[in-house]
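Have a look at the structure below before the remarks.
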Amino acid sequence: MDLSKDETTDVAVVVPTLGQRPDYLIECLRSIRVAGKSIICIVAPPSADLSEVESLGLIDQKVDDPKTGLPAAINFGFQSLPSNIKYIAWLGDDDLLEPSSITKTSALLRSDERASAVFGQCHYIDPSGHRILTNASGKWAVPLISFGPDLIPQPGSLMRRSAFDAFGGLRTDLGWAFDVDLFINLKKQGKIRYLKEPLASFRWHPESLSVGQRHGSVREASQVRVEYLPKVLRKVSVLWEPPLRWATLKAGAALNNRALQKGNL
């Protein structure tokens, strides 16, 4: 069945991939299938070999990666979706959704027209899939994002497409903090609701923990937060942003150490 032509399906998940991790990709796509009814749209380079996932029936739609960065690839995937799609999400090709998570998040958005998005708890897992810890930051992560660290897990979240389109989608000038910008803008469009249960798993890779990437990500998130502050607060944000960046870096290092102590990395 070609779900991309099924007008009863109003949820879609975009999965950007280079096709270089087929085992992870298959696991990711299978988790989406059991998370609820949705269109799965793959954004990949033309050279990517997706024959195995296609033969398994794990793809409903495929579009070519515009090769202008991850945010642009995700935006392009969303733009390529059928017009009847009302609720959208993206998932990393090595991350996982919990069973029925799409069913639950889409039901919440349908029941609350004021809601622009919904998120829940998120497990952090190592490359082998062993759980390190669970992000259960709760509803207080929403107001915190404007002044503190981003504790809203993007994996497992679901957005109203009209809210996403209202501010033009993901910023393509950002390399890491486009999800921070995303949730700040979604907060302006309506309520961001919280489900008090695990909705996804984020895979914590050794290669994602390099000092350069970590510092760049934290610095860029700080820049995004300051951009959205009222002018009077921007001038005094130097009082809290440096210690906040330091604390965020320490938290990432602590998570890495925890994984190492468990022998998971």
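Taking Cα atoms only, the orientation of helix 178-189 departs from the longest principal axis of the chain by about 90 degrees.
Among the listed options (i) 22.0; (ii) 13.8; (iii) 20.3, the one matching mean projected area of the Cα convex hull in nm² as calculated from these coordinates is (ii). Estimated from the Cβ-Cβ distance and a Förster radius of 22 angstrom, the FRET efficiency linking LEU108 and ALA136 is about 0.80. Couplings 3J(HN,Hα) for the range 44-51, derived from phi with the Karplus relation 6.51 cos²θ - 1.76 cosθ + 1.60 (θ = phi - 60°), are 8, x, x, 7, 5, 8, 10, 4 Hz, where x marks Gly and Pro. The HN-Hα couplings worked out from phi for the range 139-156 by the Karplus form 6.51 cos²θ - 1.76 cosθ + 1.60 (θ = phi - 60°) are 5, 6, 5, 5, x, 5, 4, 6, 10, x, x, 7, 9, 7, x, 6, x, x Hz, whole numbers, x standing for Gly and Pro. Helix 101-111 versus the longest principal axis of the chain: what is the Cα-based angle in degrees, 0 to 90, to the nearest 10? Computed tilt is about 80 degrees. Computing FRET efficiency as 1/(1 + (r/R0)^6) for VAL238 and ASP173, where r is the C-beta to C-beta distance and R0 is 30 Å, gives about 0.85. Electrostatic tally near SER201: other residues with Cβ closer than 9 Å to its Cβ, Lys and Arg +1, Asp and Glu -1, net 0.
Report, in degrees rounded to the nearest 10, the 0 to 90 angle that the Cα long axis of helix 70-79 makes with the longest principal axis of the chain. Taking the Cα atoms of the chain, the angle to 70-79 is about 50 degrees. The H on the amide N of ARG193, modeled in the peptide plane, is under 5 Å from the matching H of SER116, ALA117, VAL118, PHE119, each at least 5 residues off or on a different chain. Annotation: peptides 164-172, 37-45, ranked by per-residue average of other Cβ atoms within 10 Å with the highest first, follow the order 37-45, 164-172. Pairs with C-alpha atoms separated by more than 23 Å, drawn from the list LYS196/LYS250; LYS62/LYS187; LYS86/LYS191; LYS62/LYS86; LYS67/LYS191; LYS62/LYS104, are LYS196/LYS250; LYS62/LYS187; LYS67/LYS191; LYS62/LYS104. Beta bridges from DSSP with both residues in the chain: antiparallel share about 30 percent, rounded to the nearest 5.
Of the listed peptides 46-55, 152-161, what is their order by residue-averaged count of other C-beta atoms within 10 Å, with the highest listed first? Write down the numbers at each step before the final one.
Working: 46-55: 13.0, 152-161: 24.3.
Taking the mean over residues of other Cβ atoms within 10 Å, the ranking is 152-161, 46-55.
Helices in the chain, meaning DSSP H runs of at least 4 residues, each add -39500 (n - 2.57). Divided by all residues, the mean residue ellipticity at 222 nm is -12000 deg cm²/dmol.
Values in this text are rule-based calculations from the coordinates and carry no lab data. Model, not experiment: these values are computed from the prediction. Neighbour counts run over all protein chains shown; Cβ positions are idealised from the backbone, glycine included.
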